[in-house]
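Reviewing the structure listed below.
The values are calculated or read from the model by the stated rules, or taken from the named source; none is laboratory data. Fair warning: this is a prediction, and the values are worked out from it, not measured in the lab. Counting neighbours? That spans all protein chains shown, and the Cβs are built from the backbone with ideal geometry, glycine included.
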Amino acid sequence: MLVLCRQHILVLLVIIMVVLPVGCDRDQAAWQKATGKNTVAGYEEYLRAHPGGKHIEEARERIFFLIARTSTQRRTEAEIALYYRELALYVPSELEDAVALLSARWNEVLGLAFAEDGLLEICRPPEVSQAATRVWHYMEQRCGSYRTGAYLGRPKAHVLVKQTYERADNVSLPFLEYAENVLNHAGFEAVREDAEDYAVTLHIEAEGIPSGAWYQRGSTLSWQWTTATLRGEMSFSVEDRVFSWEFSASMGPFTSTMGASTPDRAPFWSAFGSGFEPVVWRAIVETMGLSPLISALLTDNNPVVRKRVATVLGEMGNQGAAEALTAALEDRDGLVREAAAAALEQLGR
């Protein structure tokens with residue numbers, strides 16, 4: 001029997017106290033080196049060298065993220081198969097079944113087709129769509145803004161915007177951001193001008209024109225830019241089909257003229273809300289049906305968007321929106337509830 005005396009025990013404790021920090025320091029140094037590279041090879045090197053390291057799970061997750069991000073790259077069929085094999089090696093446990101399904105049925109992840117009623121459909125089997133959405137949401141939650149590609153998510157829509165303004169040099173309306181949100185509810189991922197691979201194109205051209213008049217306040221006469229006209233065209237291209245819509249709105253003159261002393265202060269934002277916003281939602285209905293609007297009405301984070309969609313649904317008079325509008329009567333925002341009630345009245349409900 002091995003009997004340790006007090007002296008031996010003290011020596012062992014000293015050794016443990018010295019060796020353990022050294023091991024931890026080496027592990028941490030290796031991890032810092034891997035994160036500094038932030039590459040698949042760098043994290044795989046850490047995993048090989050430190051199989052019992054403190055950052056094993058994080059290293060695996062980061063490899064998964066880096067591989068998943070390459071889904072925007074063009075690949076041959078053989079390369080797609082390799083992509084999924086590599087992804088499966090590091091997939092988080094909560095996504096194992098989703099990635100396995102996408103790997104087996106990757107050719108069904110994306111698909112656009114025109115139905116018999118002429119509406120554009122993202123034609124994916126529900127289980128494939130759900131798997132792709134789960135991966136997409138996981139990446140969004142863990143990585144923040146995440147652009148997925150053909151193998152892990154949504155079909156891409158190329159958004160192009162050109163906006164010009166007479167005499168107004170500092171006006172830029174959120175056509176791009178608004179269109180991206182609309183397309184998100186329609187099941188697309190919006191990509192911008194530098195994109196090379198996409199399924200559809202949304203092109204928006206807009207022109208803004210300020211105007212005004214002379215106003216007198218007391219003994220002071222000044223020119224105020226109290227009117228704005230916004231007009232333009234939006235086109236949606238898929239395959240060999242092009243759908244086009246025009247939009248136009250003039251706002252003003254307003255009785256309050258304070259602060260409208262330059263063309264930049266003309267009411268372009270009001271014209272944007274009255275002219276462009278309703279048209280882009282109607283365009284989506286005409287090409288893809290009611291589902292995107294119902295999604296926006298019930299799930300969008302912006303109450304202004306939910307209110308706008310409720311108003312558009314009422315103006316369109318489609319009875320298919322009644323159930324969603326009824327649900328919107330419980331919306332947390334009072335203006336949305338009022339818009340939903342007014343829309344239901346227009347539907348005769």
Subject >> From the options 296, 343, residue that is out of contact with any strand residue (DSSP E or B) (no Cβ under 6 Å at 6 or more places or on another chain), touching a residue at least 60 places away in the same chain (Cβ under 8 Å) and under 20 Å from residue 283 (Cβ atoms) >> reply: 296
Original post:
What do you reckon, is residue 128 surrounded by 12 or more Cβ atoms within 10 Å (Cβ to Cβ), at pLDDT 70 or above, not acidic (Asp, Glu) and not in a helix (DSSP H, G or I)?
Top reply: no
**OP:** Run down 192, 231, 241, 217 and say which single residue is basic (Lys, Arg), assigned by TED's automatic domain parsing to the domain that holds residue 305, closer than 26 Å to residue 304 by Cβ and over 24 Å from the mean Cα position of the chain (by Cα).
**Re:** 231
**OP:** May I ask you to list the residues in the stretch 223-240 that are of a type outside the set (S, T, N, Q) and either farther than 21 Å from residue 162 by Cα or buried (at least 20 other Cβ atoms within 10 Å of the Cβ) (or both)?
**Re:** 223, 225, 228, 230, 232, 234, 236, 239, 240
Original post:
Are there any pairs with C-beta distances below 6 angstrom linking a residue in the stretch 226-239 that is among the aliphatic types (A, V, I, L, M) to a residue that is surrounded by fewer than 18 Cβ atoms within 10 Å (Cβ to Cβ), with the two at least 6 apart or on different chains, and if so which?
Top reply: 234/245
Original post:
Taking the stretch 47-94 as the region of interest, how many residues are closer than 16 Å to residue 35 by Cα and in a helix (DSSP H, G or I)?
Top reply: 15
**OP:** Of all residues in the stretch 221-253, count the ones that are among the aliphatic types (A, V, I, L, M) and more than 19 Å from residue 282 (Cα to Cα).
**Re:** 3
Original post:
Restricting the search to the stretch 310-344, which residues are aliphatic (A, V, I, L, M) and over 9 Å from residue 297 (Cβ atoms)?
Top reply: 312, 316, 322, 329, 335, 339, 341, 342, 343, 344
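Tell me yes or no: at least one residue of the stretch 168-182 is polar (S, T, N, Q), touching a helix residue (DSSP H, G or I) at 6+ places or on another chain (Cβ under 9 Å), assigned by TED's automatic domain parsing to the domain that holds residue 274 and assigned to a strand (DSSP E or B).
Looking through the stretch 168-182, none of the residues is polar (S, T, N, Q), touching a helix residue (DSSP H, G or I) at 6+ places or on another chain (Cβ under 9 Å), assigned by TED's automatic domain parsing to the domain that holds residue 274 and assigned to a strand (DSSP E or B).
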**OP:** Give me the pairs, please: first residue somewhere in the stretch 37-57 and farther than 15 Å from residue 70 by Cβ, second residue anywhere and in a helix (DSSP H, G or I) and among the charged types (D, E, K, R), beta-carbon distance under 7 Å, and either six or more positions apart or on two chains.
**Re:** 50/27; 53/27; 54/27
Subject >> Selected residue (only one of 306, 265, 332, 337 is within 28 Å of residue 208 (Cα to Cα) and within 27 Å of the chain's Cα centre (by Cα)) >> reply: 306
Original post:
Which residues, taken from the stretch 199-243, are of a type in the set (D, E, K, R) and not in a strand (DSSP E or B)?
Top reply: 239, 240
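For the subset of the stretch 183-192 comprising residues that are assigned to a loop (DSSP other than H, G, I, E, B) and more than 19 Å from residue 242 (Cβ to Cβ), which member is modelled with the lowest pLDDT? Talk me through it step by step, then tell me what you get.
From the stretch 183-192, those assigned to a loop (DSSP other than H, G, I, E, B) are 186-188, 192; that's our starting set.
So of that shortlist, the ones also more than 19 Å from residue 242 (Cβ to Cβ) come out as 187, 192.
Details: 187: 81, 192: 77.
Among those that are assigned to a loop (DSSP other than H, G, I, E, B) and more than 19 Å from residue 242 (Cβ to Cβ), it is 192.
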